[in-house]
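K.L.:
Before we start, here is the structure in question, set down as structure tokens.
The values are calculated or read from the model by the stated rules, or taken from the named source; none is laboratory data. Please read all numbers here as calculations on a predicted model, not as lab measurements. All Cβ positions, even for glycine, are placed from backbone atoms using ideal geometry, and neighbour counts span all protein chains on display. Remember, those area values only see protein heavy atoms, side chains included, never the ligands or the DNA or RNA. Shrake-Rupley method; radii C 1.70, N 1.55, O 1.52, S 1.80 Å.
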Amino acid sequence: IELREELGQMSYAAALSGFRSLVAAFLWIEAHTAWEQTAWGRMAGIFQGVTALAPRSLIYWDLASWHMAWNASIAARDNPAEPNQFLRQRGEREYHLLGRDFLERGIANNPDDYLLHERLGYMLRVKCQDHCGAADAFAEAASKQRTRSYNKRSAVYELAQCEGQE
């Protein structure tokens with residue numbers, strides 16, 4: 001999968017040359033249209049393209065994750081067209097995982113910035129109730145330059161929620 005993604009990014013780079021950022025911006029507008037139409041699957045696919053075209057742009061990773069883990073997951077959970085509660089909950093969890101995946105791939109492309117680590121910590125705390133994972137993410141965010149002072153406190157607060165670390 002990583003090789004396929006790398007080949008895809010190299011193809012984008014070769015084909016679009018200096019226009020990658022411009023195409024990513026236009027695709028982002030298309031993703032916004034998909035959001036307005038609540039076309040979650042289409043939006044996720046567009047986000048894949050946007051982040052492949054502009055992997056160093058933190059805002060694309062951050063907002064793609066937000067839309068998947070927050071907006072799409074809530075829509076899946078509250079979907080009136082799906083009567084089966086188990087399937088609604090499964091859809092919600094899948095969107096949480098997709099949001100997490102965007103953050104983790106964003107971190108891999110931007111390892112030296114605190115923002116995506118911080119967002120991962122917040123998502124792990126709120127959406128996944130993974131306090132130990134959140135503590136690690138906040139601690140990593142706290143170790144970066146230009147981080148926010150609350151990241152270190154957040155790491156400690158989350159660590160205190162881990163079994164054996166009270």
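K.L.:
List the trypsin sites (Lys or Arg not before Pro) within segment 69-154 that DSSP assigns to loop and that have no more than 10 neighbouring Cβ atoms inside 10 Å.
P.N.:
Sites meeting the loop and neighbour criteria: Arg146.
K.L.:
Express the relative contact order of the chain as a whole percentage, based on alpha carbon pairs under 8 Å and six or more residues apart in sequence.
P.N.:
On the way: 205 pairs, mean separation 23.8, N = 166.
It comes to 14 percent, rounded to a whole number.
K.L.:
Hey, another quick one. Connecting C-alpha atoms closer than 10 Å in a GNM of the chain, tell me which of Ala69, Ala135, Ala25 has the biggest fluctuation.
P.N.:
Of Ala69, Ala135, Ala25, the Gaussian network model singles out Ala25 as fluctuating most.
K.L.:
In the chain, carbon and sulfur make up what percent of the accessible area (probe 1.4 Å)?
P.N.:
Result for the chain: 55 percent of the exposed heavy-atom area is carbon or sulfur.
K.L.:
Can you tell which of Ala39, Ala64, Met123 lies farthest toward the positive end of the dipole of segment 26-155, using +1 and -1 charges on the Cβ of basic and acidic side chains (Lys, Arg; Asp, Glu)?
P.N.:
Most positive-ward Cα: Met123.
K.L.:
What net charge do the residues around Gln161 carry, taking every other residue with its C-beta under 11 Å from that of Gln161, with Lys and Arg at +1 and Asp and Glu at -1? Write down the numbers at each step before the final one.
P.N.:
On the way: positive: Arg125; negative: Asp130, Glu158, Glu163, Glu166.
Summing Lys and Arg as +1 and Asp and Glu as -1 gives -3.
K.L.:
To continue, here is another question. Restricting to Cα atoms and excluding each atom paired with itself, what does the Kirkwood estimate give for the chain in Å?
P.N.:
One over the average 1/r among Cα pairs gives 16.9 Å for the chain.
K.L.:
Just how large is the dipole of the chain about the Cα centre, in debye to the nearest 20, putting +1 at every Lys and Arg Cβ and -1 at every Asp and Glu Cβ?
P.N.:
Working: 18 positive and 21 negative charges, 59 e Å.
I would put it at about 280 debye.
K.L.:
Every cysteine in the chain with no other Cys Cβ under 4.7 Å from its Cβ, please list them in numeric order.
P.N.:
Isolated Cys, the chain: Cys128.
K.L.:
Anyone know which of Ala141, Ala52, Ala39 comes out most mobile in the 10 Å Cα GNM of the chain?
P.N.:
Ranking Ala141, Ala52, Ala39 by mean-square fluctuation puts Ala39 first.
K.L.:
Please compute the alpha carbon radius of gyration of segment 59-102, then divide it by the globular-protein estimate 2.2 N^0.38 Å. Two decimals is fine.
P.N.:
1.15
K.L.:
I've got another one for you. Quick one: among Glu104, Glu92, Glu82, which has the greatest mean-square fluctuation in a GNM of the chain with alpha-carbon springs under 10 angstrom?
P.N.:
With Cα springs under 10 Å in the chain, the top fluctuation among Glu104, Glu92, Glu82 is at Glu82.
K.L.:
Please compute the Kirkwood hydrodynamic radius of segment 110-149 from all pairs of different C-alpha atoms, in Å with one decimal.
P.N.:
On the way: mean 1/r = 0.1030 Å⁻¹.
It is 9.7 Å.
K.L.:
What shape does segment 92-166 take by its C-alpha gyration tensor, where a ≥ b ≥ c are the square roots of the eigenvalues and a/c under 1.5 counts as rounded, a/b above b/c as prolate, and the rest as oblate?
P.N.:
It is oblate, given that a/c is not under 1.5 and a/b is not larger than b/c.
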